[in-house]
Amino acid sequence: MAKVQLVPYDAQWPEKFRVLKEQLEEKLAPMKVSIEHIGSTSVPNMMAKPIIDVIVGVEKEEELQYAIDPIRELGYTYVQQYETILPNRRYFVRFKEEGLPDIIRDGDRDFSQDADFHHEAHLHVVVKGSNLWERHLQFRDILRSSEDSLEAYASVKRKLALREWESTNEYAKAKTSVIKGILSR
């Protein structure tokens, strides 16, 4: 059990994203990809877990598989076991610690949910224009443009951060209803 550690907005987050984006663009070439900063670190004045969330949009579903090895070469761990939940997404974590596996398969210890390991970045590879792509960008853009939505979301995050969680996935699930409410406005 662990608490989620939220920190005040850091003006360095956009620069950290820019560096990650450049690395990804170079490694994924010649594929045509769109790369966006998402999550709370992409929203000015939003408190967040200090983890840069990135979404990479590929042109076709077949390209999801082509992105795996180049991204692993950049030091990301591919969390393959999540494909059973979201088969149209490839998910990666860049850990601050060295020496962790570069693939987490079904049945493996899920280091991505272990509070003993620190994350630098989360990376979602999806088809550009898909529901996952659109929903992430829409939510980010609403939080950037609506003070009421930003405060509603921040309030829920502050309350949830006071609790102990089995995993960060449980914390994320607890935010689902407020996210859906904001998206439906």
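Overview of results
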item: Subset of the stretch 128-143 [open to solvent by 30 Å² or more (accessible area, probe 1.4 Å), at negative phi and more than 15 Å from the chain's Cα centre (by Cα)]; result: K128, S130, N131, D141, I142
item: Residues that are assigned to a helix (DSSP H, G or I), touching a helix residue (DSSP H, G or I) at 6+ places or on another chain (Cβ under 9 Å) and either at pLDDT 95 or above or crowded, with 17+ Cβ neighbours inside 10 Å (or both), drawn from the stretch 65-93; result: Y66, I68, P70, I71, E73, Y82
item: Yes/no for S184 being open to solvent by 30 Å² or more (accessible area, probe 1.4 Å), hydroxyl-bearing (S, T, Y), over 23 Å from M47 (Cβ atoms) and out of contact with any helix residue (DSSP H, G or I) (no Cβ under 6 Å at 6 or more places or on another chain); result: yes
item: Of all residues making up the stretch 11-32, the number that are within 17 Å of the chain's Cα centre (by Cα) and in contact (Cβ under 8 Å) with a residue 12 or more places away in the chain; result: 8
item: Complete set of residues in the stretch 97-106 that are touching a Phe, Trp or Tyr at 6+ places or on another chain (Cβ under 8 Å) and open to solvent by 60 Å² or more (accessible area, probe 1.4 Å); result: D102
item: First in the stretch 152-164 and without any contact (Cβ under 8 Å) to a residue 24 or more places away in the chain and of a type in the set (S, T, N, Q), second anywhere and part of a helix (DSSP H, G or I) and surrounded by fewer than 16 Cβ atoms within 10 Å (Cβ to Cβ), Cβ under 7 Å, 6 or more apart; result: none
item: Selected residue (criterion: surrounded by the most Cβ atoms within 10 Å (Cβ to Cβ)) from residues of the stretch 49-64 that are more than 16 Å from K128 (Cβ to Cβ) and of a type in the set (V, I, T); result: I52
item: Filter result (exposed (fewer than 13 other Cβ atoms within 10 Å of the Cβ) and either polar (S, T, N, Q) or touching a Leu at 6+ places or on another chain (Cβ under 8 Å) (or both)) within the stretch 161-181; result: T176, S177
item: E120 vs. criteria outside any loop (DSSP other than H, G, I, E, B), within 28 Å of L64 (Cα to Cα) and free of Cβ contacts under 8 Å to residues at least 12 places away in the same chain; result: no
item: Test: residue in the stretch 27-38 that is closer than 29 Å to W165 by Cα and open to solvent by less than 20 Å² (accessible area, probe 1.4 Å); result: yes
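The values are calculated or read from the model by the stated rules, or taken from the named source; none is laboratory data. Just so you know, these numbers come straight off a predicted model, no measurement behind them. In this analysis, Cβ positions are derived from the backbone assuming ideal geometry, glycine residues included, and neighbour counts consider all displayed protein chains. With ligands, DNA and RNA removed, areas are computed over all heavy atoms of the protein, side chains included. Shrake-Rupley method; radii C 1.70, N 1.55, O 1.52, S 1.80 Å.
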